[in-house]
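First comes the structure, then the notes that go with it.
Derivation of every value follows stated rules applied to the coordinates shown; laboratory data play no part. Values in this document were obtained by computation on a predicted structure and should not be read as measured data. Neighbour counts are summed over all protein chains in view; Cβ atoms, including those assigned to glycine, are modelled from backbone coordinates with ideal geometry.
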Amino acid sequence: MLRTWHRPLVVFGGLMVVLIPIALVGLLVDDRTVVNSPIWFKPLKFAVSLAIYSFTLAWLLTYLKKFQRVGWWAGTVLTVAGTLEMIVIIGQVIRGRRSHFNFETPLDTALFSIMGSTIVVLWVTHAIVAILLWRTKFESDALSWSIRLGLVISFLGLGVGFLMTSPKPGQALDGDTLGSHTIGAADGGAYMALTGWSTEHGDLRVGHFVGMHALQVLPALIALLGRRANTKLAWVLSGSFLGIFLLVTWQALRGQSLIQPDGTTLLALAGIVVATTLGVVWAREPQKELVAA
């Protein structure tokens, strides 16, 4: 089956799978830290995330009936961008340096600039893939809409990365650090064991992660529901997921940790839960299935 998928993306995804045990070994044998975090933690997280992302796109591109060559080149550009980013991340691990927001030396600045460029390329190319797949027909209308809307939400999730690069309070344009994952404090504070997200302050990586992986979660939910899924339910679940993504991003921008929500955040979450519940009830009402565009 993999032989029919987009070859460069499959190869890149396979390399990321190989990198996962290497990074795990690095966590066990290498006691170096960067910004109060094990130095191999970032390569591990990126390898897992990019493996899932690349395999998903490699599969989706097989459904293109038109503009297949454009789709192939878009997937290839995504592969090159992801490869360059991982080369920089691993290279900085070998050097014992920060890969993100690092302007300490001219080389560090150049490497982070390369990473910034690859993110822009990946973001724009993802948009091209989303446009190509928007009118593609999948196994069912529900699956079609979950993929289309998942592509849009993941595009927004990828865009959260740009919020991380803006100067934070106390940072100067000529300083050693410009940008951060954390809102309300410098990176390097207390963090969650598996994700690395801040437990004390806002963390933009939460929204980045949630949004980016809508492309996997939404189709998976529709697939699990099987015959019970319909177009209305795909829209309801996508709207709920979008609400969660916007909520955790807004929470982070207010400098609030994911695990320390205030009353406003909890009220907004309750609103999403109620709206989702009502939406599911509405979606289950018998109605003629809408024809996918």
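Working from the pairwise distances between different alpha carbons, so that the mean of 1/r is found and then inverted, what is the chain's Kirkwood radius in Å?
Values: mean 1/r = 0.0492 Å⁻¹.
By the Kirkwood definition, the hydrodynamic radius is 20.3 Å.
With viscosity set to 1.306 mPa s at 10 °C, what whole-number translational diffusion coefficient in µm²/s follows for segment 143-293 from Stokes-Einstein and a Kirkwood radius over Cα pairs?
Numbers: Rh = 16.8 Å.
Diffusion coefficient, whole number: 95 µm²/s.
Normalising by the residue count of the chain, find the relative contact order in percent from Cα pairs under 8 Å and 6+ residues apart.
Details: 405 pairs, mean separation 46.9, N = 293.
It rounds to 16 percent for the chain.
Give, as a single signed number, the net charge of other residues whose beta carbon lies under 12 Å from the beta carbon of Asp203, with Lys and Arg counted +1 and Asp and Glu -1.
0
When Lys and Arg each count +1 and Asp and Glu each count -1, what net charge do the other residues less than 11 Å away from Ser99, Cβ to Cβ, add up to?
Charge balance near Ser99 sits at +2.
Pull up all non-local amide H partners of Tyr191: gap of 5 or more, or a different chain, and H-to-H distance under 5 Å with H placed in the peptide plane.
Thr199
Take the alpha carbon atoms of segment 152-173, find their center, do the same for segment 1-62, and report the distance between the two centers in whole angstrom.
If you average the Cα positions of each part, the centres end up 22 Å apart.
Which whole-Hz ³J(HN,Hα) couplings does segment 217-233 yield from phi under the Karplus relation 6.51 cos²θ - 1.76 cosθ + 1.60, θ = phi - 60°, glycine and proline marked x?
5, 5, x, 5, 4, 5, 5, 5, 6, x, 5, 6, 7, 9, 4, 4, 5
Ordered by residue, what ³J(HN,Hα) values in Hz, to whole numbers, does segment 134-139 give under the Karplus form 6.51 cos²θ - 1.76 cosθ + 1.60, where θ = phi - 60° and Gly and Pro are x?
Couplings: 4, 9, 7, 8, 10, 4 Hz.
How many angstrom lie between the C-alpha centres of segment 81-148 and segment 192-256?
19 Å
Using the 10 angstrom Cβ neighbour count as an exposure proxy, how do Ser146, Ser240 rank, fewest first?
Values: Ser146 30, Ser240 19.
Result, fewest neighbours first: Ser240, Ser146.
Please list the non-local residues whose amide H lies under 5 Å from the amide H of Gly202, H modeled 1.01 Å from N, same-chain partners needing a gap of 5 or more.
Under 5 Å from the amide H of Gly202 lie the amide H atoms of Ile183, Gly255, Gln256, Ser257, each far enough along the sequence or on another chain.
Toward the positive end of the charge dipole of the chain, about the Cα centre and with charges on Cβ (Lys, Arg +1; Asp, Glu -1), which of Val70, Asn36, Pro261 goes farthest?
Val70
Could you give me the ³J(HN,Hα) list for segment 86-98, computed from phi with Karplus coefficients 6.51, -1.76, 1.60 and θ = phi - 60°, whole Hz, x at Gly and Pro?
After applying 6.51 cos²θ - 1.76 cosθ + 1.60, I find 5, 4, 5, 4, 5, x, 5, 4, 4, 6, x, 10, 6 Hz.
Given H placed on each backbone N at 1.01 Å, which residues far from Val34 in sequence or on other chains put an amide H within less than 5 Å of it?
Ile39
Return the calculated 222 nm mean residue ellipticity for the chain, to the nearest 500 deg cm²/dmol, obtained by summing -39500 (n - 2.57) across DSSP H runs with n ≥ 4 and dividing by the residue count. Please report the intermediate quantities before stating the final value.
Values: 9 runs with 188 residues, N = 293.
-22000 deg cm²/dmol, from helical runs alone.
If neighbour count is taken as other Cβ atoms inside 10 Å, put Leu247, Leu225 in order from fewest to most.
Sorted ascending by nearby Cβ count, the order is Leu225, Leu247.
Give, as a single signed number, the net charge of other residues whose beta carbon lies under 12 Å from the beta carbon of Ile147, with Lys and Arg counted +1 and Asp and Glu -1.
Summing Lys and Arg as +1 and Asp and Glu as -1 gives +1.
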